[in-house]
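Participant: Have a look at the structure that comes next, please.
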Amino acid sequence: MSNKQKVPVTILTGFLGSGKTTLLNRILSEEHGKKIAVIENEYGEVGIDQGLVINADEEVFEMSNGCICCTVRGDLIRVLGNLMKRRDKFDYVLVETTGLADPGPVAQTFFMDDEIRDEFSLDGIVTLVDAAHIEQQLGRSDESSEQVAFADVLVLNKTDLVSDESLDNLESRLRDMNRMARVIRSKQADVSIDTVLNLSAFDLDQVLQRRPTFLEPEYPFEWTGVFSLEEGRHELTLEEGPDPTMSLVLLSDQGKDETALNTGAESCVRLYAEQEQPMNPGETVPVGKHVSLQLQSEGTKSFFIDVEKKSDIGLFTQHTAEEFNMKLTKVNNAPTGEINNDQNISVISPIAERTWVAEHEHDDEVGSFAIERVGDVDPEKLNRWLSRLLSEKGVDIFRTKGFISYAGESKRIVFQGVHMLFTAQPDKEWGSEPRRNQLVFIGRNLDEKEMIREFDKCLV
């Protein structure tokens, strides 16, 4: 496929509450003649953003997972692959990243995967900057700095909330961080469409000059071991380790050289993006499936691997083998599901192994949760609780968003909050739709149980 035939893609990024969804809605409502497909990368288990995007039923595809970095590439590949099955329905793609994400792995997708590279062309990265909160965000988040550094266009949004002097100082700081990006000032993300679409602005060579490691992939697993296994049943044992679970993918016919390991790793990127299948001790690990070994019980846990004919199998694991003292042995004449207790059985050593070093660390203090309740709330009680909550914990509450059902109000209320600031605006009529409340909180060290209890007190 020639470049002219490739589908252009714009990545829309920016920290939580910067106005990405507002800009997205402006783009979708403009008379530009484009058929745009939208991919939402949300943080957390509950997807809210699709409901905040106009005309969402046909145009929006969600990627919602707990990890915002190492699994996003596989998830994006899967969604883009599904999009290509309905190629006649769109001619442009917008990817809106979660506000907590480094846009690098998303951009990387369009160069690392052969099928995606042949079908899509990265047009540019547009980063929205919250002029009122960016100074605070840059000081606490590496991701917000990465969003600025990767941008082809920086939309300095919410300029009406800060002074001209502060805007000038902020723009100067942003230019120091990224001298190549175009800076546009805006209120409520009101920018001309031709400043964010059809830019042909993303220059891979330029990115590689600034960041030579850009095309070095991140993986959602840390270790691979390749084992030469005879026909029959094998026992995989793990002792207590750093986590109560461990994700794993087993690949058959896995080569041991560098090229084969890299090929296997790229296959596992897609598999790790799929929902993991819980596996309890005593069960058999399937081939080519993303599984989660349940390790909560004390002592040694055993799982089984069945091999139909002699072959080399690859284990791609979330943690290194040493962290769980993981061992693989041959089961000799043991009934199905029976643990092999022969102490003289020799451990099978890998014929090749590799450790994959991730370029990021997870901030375990940052998380999200959703409050979902059927029924109406008392607006005054809700306002008092939220005002108190945000005044006390607002610094640690990065983002609040969702829908509220006010008692006596025929329309649903769209709720949006960034730190201590929040708005509540009437939206569409409830109609025959069940009246319900759905709020998502994203932040650091949030007391989920206490916040749910306080919300429940606001119900009528």
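Nothing in this text is a laboratory measurement; each read-out follows from the coordinates by a stated rule. Treat the numbers as computed from the prediction; the structure is a model and nothing was measured. Note that each Cβ is placed from the backbone with ideal geometry, even for glycine, and that neighbours are counted across all protein chains shown.
Participant: Provide the per-residue ³J(HN,Hα) series for the stretch 13-30, in order, calculated from phi with Karplus coefficients 6.51, -1.76, 1.60 and θ = phi - 60°, each as a whole number of Hz, with x at glycine and proline positions.
Facilitator: 10, x, 5, 3, x, 6, x, 4, 5, 4, 5, 4, 5, 4, 5, 5, 8, 6
Participant: In addition: Would you mind classifying the stretch 223-355 by shape? Square roots of the alpha carbon gyration tensor eigenvalues, ordered a ≥ b ≥ c; an a/c under 1.5 is rounded, otherwise it is prolate if a/b is larger than b/c and oblate if not.
Facilitator: oblate
Participant: Now for a different question. Once a ≥ b ≥ c are taken as the square roots of the eigenvalues of the Cα gyration tensor of the stretch 145-193, is the result rounded (a/c under 1.5), prolate (a/b larger than b/c) or oblate (a/b not larger than b/c)?
Facilitator: Verdict is oblate for the stretch 145-193.
Participant: In straight Cα distance, which lysines are under 27 Å from Lys327, not counting same-chain residues fewer than 8 positions off?
Facilitator: Lys256, Lys289, Lys301, Lys309, Lys310
Participant: Which trypsin sites (Lys or Arg not before Pro) in the stretch 171-206 sit in a loop by DSSP (not H, G, I, E or B) and have at most 15 other Cβ atoms within 10 Å of their own Cβ?
Facilitator: Values: sites: Arg173, Arg175, Arg179, Arg182, Arg185, Lys187; in loops: Arg179, Lys187.
Here the sparse-neighbourhood loop sites are Arg179, Lys187.
Participant: Next question. If you count, for each residue, the other Cβ atoms within 10 Å and average over each peptide, how do 403-411, 80-88 line up from highest to lowest?
Facilitator: With the highest mean Cβ count within 10 Å placed first, the list reads 403-411, 80-88.
Participant: I've got another one for you. Order by neighbour count: Ser121, Ser166, fewest other Cβ atoms within 10 Å first, most last.
Facilitator: Details: Ser121 18, Ser166 14.
In increasing order of surrounding Cβ atoms, one gets Ser166, Ser121.
Participant: Taking 25 Å as the cut-off for C-alpha to C-alpha distance, list the pairs among Lys89/Lys401; Lys34/Lys411; Lys381/Lys449; Lys428/Lys449 that go past it.
Facilitator: Lys89/Lys401; Lys34/Lys411; Lys428/Lys449
Participant: Residue-wise, which Karplus ³J(HN,Hα) couplings in Hz belong to the stretch 269-274, taking 6.51 cos²θ - 1.76 cosθ + 1.60, θ = phi - 60°, and x for glycine or proline?
Facilitator: After applying 6.51 cos²θ - 1.76 cosθ + 1.60, I find 4, 5, 5, 5, 6, 7 Hz.
Participant: So what J values fall out for the stretch 440-445 if you push phi through Karplus, 6.51 cos²θ - 1.76 cosθ + 1.60 with θ = phi - 60°, rounded to Hz, Gly and Pro as x?
Facilitator: Along the stretch 440-445, the couplings run 10, 10, 10, x, 10, 6 Hz.
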